[in-house]
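Remarks on the structure that follows.
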Amino acid sequence: MTDETAPSTSLKTLIADRRRKLQRAREEFEIDPFGQRTDGLVSLTDARASYDAAADAAFKEDAATDARPIVKVAGRVMQHRVMGNLIFMQVRDAEGDLQIAISKKAVDRPSFLIAKMVDLGDIIIAQGPLGTTKTGEISVWTTGEGSFELATKSLAPPPGKWHGLQDAEQRYRKRYVDMYANPRVIETFRQRSGIVAAVRQLMGDEGFLEVETPMLQPMAGGAAARPFGTHHNALDMPLYLRIAPELYLKRLLVGGMSKVFEINRNFRNEGIDRSHNPEFTMLEAYEAFGDLYSVMDLTEKVFQHVAQTVLGSTQLPYGDDEIDYGQFRRVKYLDLFEEHNGFAVTVSEAGAAGAEQLIANAKFLGLETEGKDHDVILNDVWEETVEEHLVQPTFVIDYPASLCPLTKRKPDEPHIAERFELFIAKMELANAYTELNDPDVQEANFRQQVAGMDEEEATFRAVDEDFLEALRVGMPPAGGLGIGIDRLVMLMTNSQSIRDVILFPLMRPQ
RNA sequence: GACCGGGUAGCUCAGCUGGUAGAGCAUCGGCCUUUUAAGCCGCGGGUCCUGGGUUCGAAUCCCAGCCCGGUCACCA
């Protein structure tokens, strides 16, 4: 083209170049640069798989006997090399890449000129037999009238073909670019989909009924987090985005459902880091007549089933570690404390043995001890000294009851709560309880919790009287379980940040 | 919210003991029927995140702010 504008590559100019080609496509070639429905397309992976080496060899021997399979494919242009009268381009779809070769002799003139004018990032359609090039690359040898089409013109310059999009901020903000620039992204989310499906399948096989309970709640209950607030106009009432489905799922046990689960979003108005996003997906399950140990077995099955069916192995890498999902250690909270601190302690209600050494240790670690209860200091030291060692799957059991006021206590050891937390790769993956179903104890705990609230907490937390009424109607003894699905996906896909397993993580507006 | 690190061309990055900016790829132009990170040759391309300050002079030093990442706090 004879163009008077000075060559330049500012963003403006790059876009102008593309708009010029858009115009040219419409005016000179009289085509719609944004295409339409196209039938008969095969994926690039399937196309590659249908390459027939024998037919290709026979064709190269004698071009008159062409039995090469013909495919019609579409993809986004990742590389574009114009070699005079021969054009190569590498295109990409959700599953992989494939090379398209356009020989001037094999196609009509408009097809060739359009192929020549294509920009990186455009989506194209090509049709022709599968053959190889001199270097052995399987390629679609575009052949025939209209065998090369522009399906969608891209007006935005793509990231570099070699380094792709590296900037974490841009990757999360422009996920649609990240996805095609970094093929691993689609693969991760394909796996996420498989993981969630596998969890559902297992839960169904185990006899659990999937349910959906309110995300908009008049009171935010079931966990200790701060909620997001919102408002219903017609009813003119404040509402909260749920922080947990727990209190509703338990109502279902009261009503007579025996095994229920929900996989859905929770919203917690807390900080953001590598393992926390304000909205996250949780599996929560309740099993009537079960307990801590029945849901522990279930948890183990979930992890093993997912690892085996989605990743094909129960030994999977995570960062520098190799995680073995074949074996889950079960160990008591206080035993782990002793293991990593070298001395034994007991909880307050059991006499607080080792308290002096505990306080000395806490101070040595730089932890605040003034005015704190023995069990709180114990937990601070525990988190500081134990968690970093919990790499292989570990069920921590027998938590101090004082730290879990809403959990049933062990009948024979009342100062110990019937709770477990599952740690893998130093992350908390699951949390479970033998659920408290004594309405009077639950009510007393609730009221005590509410009495200790500060002003801010009092705005969104209140005693859920209807839930207490449900417990009075009678909830069977039960085991309850929560598994963080995003973290599960992180582990299975070897992702170091929760943002890598959430399609659109929360970002501040630019 | 606190602390640390980062923000330079469309992309990936140099430059940061102050002298007003570089590379590779992409783009643009030319040549070319076998390239594959990159065929060959050539030309360009920048509010150096924003706003102040110091200085003869600031991408560079100082202050404030914005956005991102990491640690911590909160929490799962």
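The values are calculated or read from the model by the stated rules, or taken from the named source; none is laboratory data. The model shown is predicted, which means the values in this text are computed figures rather than measured ones. Positions of Cβ are backbone-derived with ideal geometry, glycine not excepted, and every protein chain shown enters the neighbour counts.
Brief remarks follow.
- Cβ-Cβ under 7 Å pairs, at least 6 apart or on other chains, the range A:122-138 side closer than 16 Å to A:LEU86 by Cβ, far side in a loop (DSSP other than H, G, I, E, B) and of a type in the set (Gly, Ala, Ser): A:ALA126/A:SER147; A:GLY128/A:SER147
Listed here are the residues, each with its yes/no results for (1) within 9 Å of RNA strand B (Cβ to nearest atom); (2) more than 28 Å from A:ASP32 (Cβ to Cβ); (3) aliphatic (A, V, I, L, M); (4) not in a strand (DSSP E or B).
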| position | (1), (2), (3), (4) |
| --- | --- |
| A:ALA63 | no, yes, yes, yes |
| A:MET89 | yes, no, yes, no |
| A:ALA94 | no, no, yes, yes |
| A:ILE100 | no, no, yes, no |
| A:PRO110 | no, no, no, yes |
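- All conditions but one from (1) within 14 Å of RNA strand B (Cβ to nearest atom); (2) of a type outside the set (Gly, Ala, Ser); (3) free of Cβ contacts under 8 Å to residues at least 24 places away in the same chain; (4) in a loop (DSSP other than H, G, I, E, B) apply to A:TYR51; the one that does not is (3).
- Among the candidates A:ALA168, A:ALA197, A:ALA244, residue that is of a type in the set (A, V, I, L, M, F, W, C) and within 30 Å of A:VAL77 (Cβ to Cβ): A:ALA168
- Boolean, A:GLU322 is assigned to a loop (DSSP other than H, G, I, E, B) and among the acidic types (Asp, Glu): no
- Total residues in the range A:72-114, condition closer than 20 Å to A:GLU187 by Cβ and in contact with a helix residue (DSSP H, G or I) (Cβ under 9 Å, 6 or more places away or on another chain): 13
- Qualifying residue in the range A:29-48 (condition: modelled with pLDDT of 95 or more, within 16 Å of RNA strand B (Cβ to nearest atom) and among the small types (Gly, Ala, Ser)): yes
- Within the option set A:GLN170, A:GLN166, being surrounded by fewer than 13 Cβ atoms within 10 Å (Cβ to Cβ), within 16 Å of RNA strand B (Cβ to nearest atom), among the polar types (S, T, N, Q) and over 25 Å from A:LEU311 (Cα atoms) holds for one residue only, A:GLN166.
- The number of residues in the range A:270-318 being within 16 Å of RNA strand B (Cβ to nearest atom) and either in contact with a Pro (Cβ under 6 Å, 6 or more places away or on another chain) or among the small types (Gly, Ala, Ser) (or both) comes to 5.
- Looking only at the range A:248-274, and only at residues there that are among the small types (Gly, Ala, Ser) and either outside any loop (DSSP other than H, G, I, E, B) or in contact with a strand residue (DSSP E or B) (Cβ under 6 Å, 6 or more places away or on another chain) (or both), the one that is nearest to A:GLY229 (Cα to Cα): A:GLY255
- Residue within the range A:213-225 that is within 17 Å of A:GLU435 (Cα to Cα) and out of contact with any Leu (no Cβ under 6 Å at 6 or more places or on another chain) present: yes
- A:ILE114 meets the conditions (1) of a type in the set (Val, Ile, Thr); (2) over 35 Å from the mean Cα position of the chain (by Cα); (3) closer than 23 Å to A:GLY160 by Cα; (4) within 12 Å of RNA strand B (Cβ to nearest atom) in every case but one. The failed one is (4).
- The range A:134-157 - residue that is within 7 Å of RNA strand B (Cβ to nearest atom) and either modelled with pLDDT of 95 or more or within 23 Å of A:GLN510 (Cα to Cα) (or both) and, of those, surrounded by the fewest Cβ atoms within 10 Å (Cβ to Cβ): A:GLU137
- Scan of the range A:493-504 for residues that are in a loop (DSSP other than H, G, I, E, B), out of contact with any Pro (no Cβ under 9 Å at 6 or more places or on another chain) and either near RNA strand B (Cβ under 10 Å from one of its atoms) or within 19 Å of A:VAL306 (Cα to Cα) (or both), ordered by number: A:SER495, A:GLN496, A:VAL501, A:ILE502
- Any hit, the range A:174-182, residues being within 14 Å of RNA strand B (Cβ to nearest atom) and touching a residue at least 40 places away in the same chain (Cβ under 8 Å): yes
- If you go through the range A:330-352 and keep only what is free of Cβ contacts under 8 Å to residues at least 60 places away in the same chain, in a helix (DSSP H, G or I) and among the aromatic types (Phe, Trp, Tyr), you end up with just A:PHE337.
- Options A:ARG81, A:ARG19, A:ARG37, A:ARG76; residue that is exposed (fewer than 15 other Cβ atoms within 10 Å of the Cβ) and either among the small types (Gly, Ala, Ser) or assigned to a strand (DSSP E or B) (or both): A:ARG81
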